[in-house]
Amino acid sequence: MEHKFGSDNWTSLKLDALRKYLNFYSIALKNQKFRLHYIDGFAGIGRVTIKTGDGERIIDGSAKIALETNPPFDSVHLIDASRAHAAALRSLCAKYDNCEIRTGDANTEIASLIKTIRWNHSRAVLFLDPYGMEVEWKTLEAIAGTKAIDLWYLFPLAGLYRNTPRSLDAMDISKRAALTRCLGTDEWESRFYSESPQQDLFGDSEVMRCAEWSDLLEYVRDRLDKTFPMVSRPLILPQQGAPLFALFFAVSNPSPKAIGLSKKVADHILKT
């Protein structure tokens, strides 16, 4: 079974960022009296087939990276909506005793899992690498509410741009609802759109998108800033050409000490 993703460049960058942070995290907290969790909302199958200049190659996916982190996490929670992916993950986890597989919608499964963990005795890293705009803002609010999770979120910037057509009249009800679920508010309409100064033959003005991709990016970061105590400036992927994703890092723990150390490491990784 294959799990195909994008180009060698940006796929490797996001997974390398995760690997580096998990290595730092597990070492930094190994002597703390916390149970350490890794949570993956879109875990895939444990390996990824990526395009290269001369064909394709297979690399470790986020699930395998987490399972092979040393020192190991106390619990690795792998979530995927696909039953075929879940079956592949069970095979991957056969030799590990710290792995849990959940099959279902990431929003539902993360909300359920969060309620089962005693966060005053636990800490976690959560990785969200959605296929599109599946992540709902209420899920991010639940993550922030634990005050114990460090979040890596690959936000689908190109998906947001595609779902905001030039003319507001071209947007249907389902797209409006999807945008509001993804951003957690319908305020996006007044931020992304405004009346055109040009009028048609009947003297009416069309409502047009005034926001470009950079404006969308800043709006998403602003929303995250209002939800989490700390959000790093994201890594834009790919680094050349049209932007497709923004890799965000956010800390839910309000402790200045926790924020300071995590931010320093994450900022260094995101500048790579």
Looking at (1) in a helix (DSSP H, G or I); (2) buried (at least 22 other Cβ atoms within 10 Å of the Cβ), which is the one condition that is false for R223?
(2)
Can you name the number of the only condition in (1) modelled with pLDDT of 90 or more; (2) touching an Asp or Glu at 6+ places or on another chain (Cβ under 6 Å) that F34 fails?
(2)
Can you find a residue that is outside any helix (DSSP H, G or I) and under 18 Å from the mean Cα position of the chain (by Cα) anywhere in segment 83-99?
no
Would you confirm whether any residue within segment 73-81 is buried (at least 16 other Cβ atoms within 10 Å of the Cβ), modelled with pLDDT of 95 or more and hydroxyl-bearing (S, T, Y)?
yes
Looking for something within 18 Å of L18 (Cα to Cα) and in a strand (DSSP E or B) - is there at least one such residue anywhere in segment 203-220?
no
Could you tell me whether any residue of segment 200-219 is closer than 26 Å to E109 by Cα and out of contact with any strand residue (DSSP E or B) (no Cβ under 9 Å at 6 or more places or on another chain)?
no
Would you check if there is a residue in segment 38-50 being in a helix (DSSP H, G or I), in contact (Cβ under 8 Å) with a residue 60 or more places away in the chain and crowded, with 19+ Cβ neighbours inside 10 Å?
no
Under 7 Å by Cβ, and 6 or more places apart or on different chains, what pairs join a residue from segment 124-140 that is in contact (Cβ under 8 Å) with a residue 60 or more places away in the chain with one that is buried (at least 24 other Cβ atoms within 10 Å of the Cβ) and polar (S, T, N, Q)?
F127/S62; D129/S62
Any hit, segment 30-48, residues being aromatic (F, W, Y), assigned by TED's automatic domain parsing to the domain that holds K115 and closer than 24 Å to K263 by Cβ
yes
Give me the pairs: first residue in segment 90-107 and assigned by TED's automatic domain parsing to the domain that holds G132 and more than 10 Å from L78 (Cβ to Cβ), second residue small (G, A, S) and not in a helix (DSSP H, G or I), beta-carbon distance under 8 Å, and six or more apart or on different chains, which are they?
N98/S75; G104/A81; D105/A81; A106/G41; A106/A81
So which of N23, N9 is outside any strand (DSSP E or B) and modelled with pLDDT of 95 or more?
N23
Determine if segment 2-23 includes at least one residue that is of a type in the set (G, A, S) and in contact with a helix residue (DSSP H, G or I) (Cβ under 7 Å, 6 or more places away or on another chain).
yes
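The values are calculated or read from the model by the stated rules, or taken from the named source; none is laboratory data. Remember, it's a predicted structure, so these values are computed and weren't measured experimentally. Neighbour counts are summed over all protein chains in view; Cβ atoms, including those assigned to glycine, are modelled from backbone coordinates with ideal geometry.
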